[in-house]
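Okay, structure first, notes after.
The values are calculated or read from the model by the stated rules, or taken from the named source; none is laboratory data. Nothing here was measured: the structure is a model prediction, and the numbers come from that model. Here Cβ is always computed from backbone atoms with ideal geometry, including for glycine, and neighbour counts include all displayed protein chains.
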Amino acid sequence: MADMDKPEHVRVLEEWMKSYKPEELFDAAGQLAPELADLAPSGHRRMSDNPHANGGLLLKDLKLPDFRSYAVPTPSPGTATTEATRVQGAFLRDVMKLNLDSRNFRLFSPDENNSNRWQDVLDVTTRCYTAEIYPDDDHLSPDGRVMEVLSEHQCQGWLEGYLLTGRHGFFSCYEAFIHIIDSMFNQHAKWLKVCHEIPWRRSIASLNYLLSSHVWRQDHNGFSHQDPGFIDHVVNKKSEVIRVYLPPDANCLLSVTDHCLRSRNYVNVIVAGKQPAPVWLTMDQAIEHCTAGLGIWEWASNDKGSDPDVVMACCGDVPTLETLAAVDILRRHVPELKIRVINVVDLMKLQPSSEHPHGLSDRDFDVLFTKDKPIIFAFHGYPWLIHRLTYRRTNHHNLHVRGYKEEGTTTTPFDMAVRNDLDRFHLVADVIDRLPQLTSRAAYAKQAIRNKLIEHQQYIYAHGDDMPEITSWRWGRQEQPAARSTSTEGDNV
């Protein structure tokens, strides 16, 4: 604008402005002509007041079936085996069925709906497809409610738009590939955080993720499909926005799914396996456990009425299985050892209450995990996330975490645990290493563990599958031996 001190430049600007004929647009006082002002939208047709731009104004609660009716019967811990996400899929099928007339619920998946065991939903709807459809196409129609395309970005964008305009949805993805939408998740989480500070923004349905086909069960896909780090990324965001759940079995998954579908203004991340796995809790127990977010499993513990010698904690379905198998070994061979088993469903319970609304107070954390006993923690993801969440706790120096440490290949399920030191034998060795009262038998026990791991390697190379004692293990199947002195040597694992 420095040239505006030249009269010829001012004349050019004047001619340009006059070309808009302001005398036809404004009156002598400079007010917009009434007939033009009347053209502007009014009421809800204004962009700033359009309910589709404030989707909570249009949001209606989902009609939900009673999730309890989908419970897997569990006479005792671990006696039932099922694919957890297939059970979840049956529940979502009926959620879809109940809301077809409302047209306010969709499922989104990057070509993984059936792979992640949600195929039952196709009994009541189809995949949305608007191009030419051939007779041999699989469940395609223009009005389908399953949005499936091999693009995580596209699914995330669809789902965000669907939620922002007042509807409900669920995104199923392979755990390793959800990272593709990291930055899109970032923006949605940041938007939710800001909306908490704007009183006129109405609540919208939560953005729900199911992460399945997870790191511990990639028997065919291998190393490229092994990455549990999305939850590390998620917990960076504001505590009022994010929730992370790792249900240990199918009944807990049902309880968590119902809770997430009812929630508002969150990003809910659920990590659950799709392969056959034990069911540990009855539905009533699962509801209590998921409501609390974590707790002592009394049926797996033997320290009631006394201080434990060791706390065995677990978070995730495979870590839970390996922890219970390790506890079974310890209880059979060192029955006098006092073991407390704690399972974590709601990951954010580990943070202090000052950092997350779900977090445990320091007092409650110390009561559960003790102030001075060794804690052996088997975790689904990268171990340092647990340290990061608990570093302020009194007993953090006694916390030893086993988890994924970037070791993997196309191998057997149990070998994945062995490669990352998360298996039952490494967990038993951790207990031996941290309890002075076991030093008298430590050499023999550690040698037995080493031999068992060698036997495991030889077996899988020869047979391509895990040893029968691993695949057929069930909680409580073995009789507990009589108590014996901790000075006994030569125990077999």
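Scanning the range 317-356 for residues that are in contact (Cβ under 8 Å) with a residue 40 or more places away in the chain and either hydroxyl-bearing (Ser, Thr, Tyr) or not assigned by TED's automatic domain parsing to the domain that holds TYR404 (or both) yields THR320, THR323. Looking at the structure I just gave you, is THR257 β-branched (Val, Ile, Thr), out of contact with any Phe, Trp or Tyr (no Cβ under 9 Å at 6 or more places or on another chain) and in contact (Cβ under 8 Å) with a residue 24 or more places away in the chain? Taking the combined requirement at face value, the residue does not satisfy it. A Cβ distance below 7 Å, combined with a sequence gap of six or more or placement on separate chains, defines the contacts here; from the range 441-464, residues that are modelled with pLDDT under 95 reach residues that are in a helix (DSSP H, G or I) in the pairs ALA442/ILE432; ALA445/ILE432; LYS446/ALA429; LYS446/ILE432; ILE449/PHE425; ILE449/VAL428; ILE449/ALA429. State yes or no: is THR291 surrounded by fewer than 19 Cβ atoms within 10 Å (Cβ to Cβ) and either in a helix (DSSP H, G or I) or in contact with a strand residue (DSSP E or B) (Cβ under 7 Å, 6 or more places away or on another chain) (or both)? Judged against the criteria, THR291 is a match. Just so you know, in the range 380-416 the residues that are surrounded by fewer than 17 Cβ atoms within 10 Å (Cβ to Cβ) and among the basic types (Lys, Arg) include one that is farthest from HIS220 (Cα to Cα), and it is ARG392. Put simply, of VAL271, VAL244 the only residue that is within 26 Å of ARG340 (Cα to Cα), in contact with a His (Cβ under 9 Å, 6 or more places away or on another chain), β-branched (Val, Ile, Thr) and buried (at least 21 other Cβ atoms within 10 Å of the Cβ) is VAL271.
One residue stands out among those in the range 166-201 that are among the β-branched types (Val, Ile, Thr) and buried (at least 22 other Cβ atoms within 10 Å of the Cβ): the one that is farthest from ALA272 (Cα to Cα), which is ILE181.
You will find that of VAL146, VAL124, VAL87, the residue that is aliphatic (A, V, I, L, M) and under 26 Å from ALA286 (Cα atoms) is VAL87 and no other.
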